[in-house]
Amino acid sequence: MSRVEILLASRNKQKLRELAACLRGLDVELMTLDEVPNAPVVEEDGETFKENAAKKATEIARATGMLTVADDSGLVVDALGEKPGVRSSRYAGENATDRENNEKLLREMSDVPQELRGARFVCAAAAADPNGLIRVVEGSCEGSIGFEERGEHGFGYDPLFVKAGYSKTFAELAPDIKNRVSHRFLAMQKAGILLESYLAKKKRQEEGQPPEQLSPS
């Protein structure tokens with residue numbers, strides 16, 4: 001079986017580095033949307049992270065003919081009724097910057113005491129091939145929202161999010177430490193296992209061996 005190409009359905013360079021780190025144990029060639037000019041722009045109009053990830057993966061896999069991994073992730077804040085949720089990247093407006101989103105979140109949390117600032121990062125990762133969706137898996141990371149931005153690493157809400165059991169924000173943690181404990185890492189670990197099973201099944205089919213079903217998540 002020749003080396004398999006996997007398309008990571010994102011143009012976010014920081015996100016791509018994180019995803020690639022989580023999948024580096026697979027003997028595959030990773031590509032980005034910037035390397036695939038015929039990849040469509042998929043509107044993320046689902047009501048859940050899983051819906052958005054599945055839609056991106058299936059539409060891009062169908063259009064490009066490639067095995068595709070897509071993710072959708074965001075921040076869920078208890079005191080805000082689980083906002084910003086699927087609108088995390090657009091919380092302060094369709095073209096909002098990370099700083100604008102963080103500033104809006106801090107304003108809305110200004111009167112919330114420490115004990116009620118619980119939050120979690122959620123990441124859904126979907127794998128699809130040109131025939132359709134393979135599966136969606138999910139990872140989450142519990143923590144709380146700080147009172148000010150701290151740290152220079154990461155992106156998005158990283159300067160505000162403090163993982164449970166830690167005193168530093170995600171943006172203060174070294175990237176290699178964050179990548180080992182983040183929601184995206186947990187989701188992509190599951191996606192890596194899923195892809196290994198998928199590729200093993202494809203190899204058996206090419207060799208004429210009886211296929212085995214993917215184990216349930």
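The values are calculated or read from the model by the stated rules, or taken from the named source; none is laboratory data. Because the structure is predicted, anything quoted here is derived from the model rather than measured. Please note: Cβ atoms are built from the backbone with ideal geometry, for glycine as well, and neighbour counts cover all protein chains shown. For the accessible areas, the whole protein counts, side chains as well, though only heavy atoms, and no ligand, DNA or RNA atoms are used. Shrake-Rupley method; radii C 1.70, N 1.55, O 1.52, S 1.80 Å.
Kindly evaluate A61 against the criterion of being in contact with a Pro (Cβ under 8 Å, 6 or more places away or on another chain) and surrounded by 18 or more Cβ atoms within 10 Å (Cβ to Cβ).
Details: in contact with a Pro (Cβ under 8 Å, 6 or more places away or on another chain): yes; surrounded by 18 or more Cβ atoms within 10 Å (Cβ to Cβ): yes.
Criteria met by A61.
Somewhere in the stretch 119-126, is a residue over 29 Å from L30 (Cα atoms) and in contact (Cβ under 8 Å) with a residue 40 or more places away in the chain? So that I can check it myself, show each step before the final result.
Here is the first cut: in the stretch 119-126, the ones over 29 Å from L30 (Cα atoms) are 119.
Keeping just the survivors that are in contact (Cβ under 8 Å) with a residue 40 or more places away in the chain gives 119.
Yes, there is a match, as at least one residue in the stretch 119-126 is over 29 Å from L30 (Cα atoms) and in contact (Cβ under 8 Å) with a residue 40 or more places away in the chain.
Can you tell me which residue among R117, R90, R99 is open to solvent by 30 Å² or more (accessible area, probe 1.4 Å) and either over 19 Å from the mean Cα position of the chain (by Cα) or under 24 Å from L7 (Cα atoms) (or both)? Step through it out loud before you land on a result.
Details: R117 fails: open to solvent by 30 Å² or more (accessible area, probe 1.4 Å); R90 fails: either over 19 Å from the mean Cα position of the chain (by Cα) or under 24 Å from L7 (Cα atoms) (or both).
Unique residue meeting the criteria: R99.
Which residue pairs have Cβ atoms under 9 Å apart, sit 6 or more places apart or on different chains, and have a first residue in the stretch 10-29 that is in contact (Cβ under 8 Å) with a residue 60 or more places away in the chain and a second that is open to solvent by 80 Å² or more (accessible area, probe 1.4 Å)?
If the second residue must be open to solvent by 80 Å² or more (accessible area, probe 1.4 Å), the pairs left are A21/D176; C22/Q189; G25/E196; L26/E196; V28/R3; V28/E5.
Restricting attention to the stretch 129-159, which residues are open to solvent by less than 60 Å² (accessible area, probe 1.4 Å) and farther than 28 Å from K55 by Cβ?
Answer for the stretch 129-159, where residues must be open to solvent by less than 60 Å² (accessible area, probe 1.4 Å) and farther than 28 Å from K55 by Cβ: S144, I145, G146, G151, P159.
Please tell me if L33 is open to solvent by less than 60 Å² (accessible area, probe 1.4 Å), touching a Lys or Arg at 6+ places or on another chain (Cβ under 8 Å) and within 20 Å of E5 (Cα to Cα). Walk me through how you get there before you give the answer.
Numbers: open to solvent by less than 60 Å² (accessible area, probe 1.4 Å): yes; touching a Lys or Arg at 6+ places or on another chain (Cβ under 8 Å): yes; within 20 Å of E5 (Cα to Cα): yes.
It is true that L33 is open to solvent by less than 60 Å² (accessible area, probe 1.4 Å), touching a Lys or Arg at 6+ places or on another chain (Cβ under 8 Å) and within 20 Å of E5 (Cα to Cα).
Restricting to the stretch 6-29, give me the number of residues that are at pLDDT 85 or above and either among the aliphatic types (A, V, I, L, M) or closer than 21 Å to D98 by Cα (or both).
In the first step, residues of the stretch 6-29 are kept if they are at pLDDT 85 or above; the result is 6-10, 29.
Adding the requirement that they be either among the aliphatic types (A, V, I, L, M) or closer than 21 Å to D98 by Cα (or both) leaves 6-10.
Number satisfying all stated conditions: 5.
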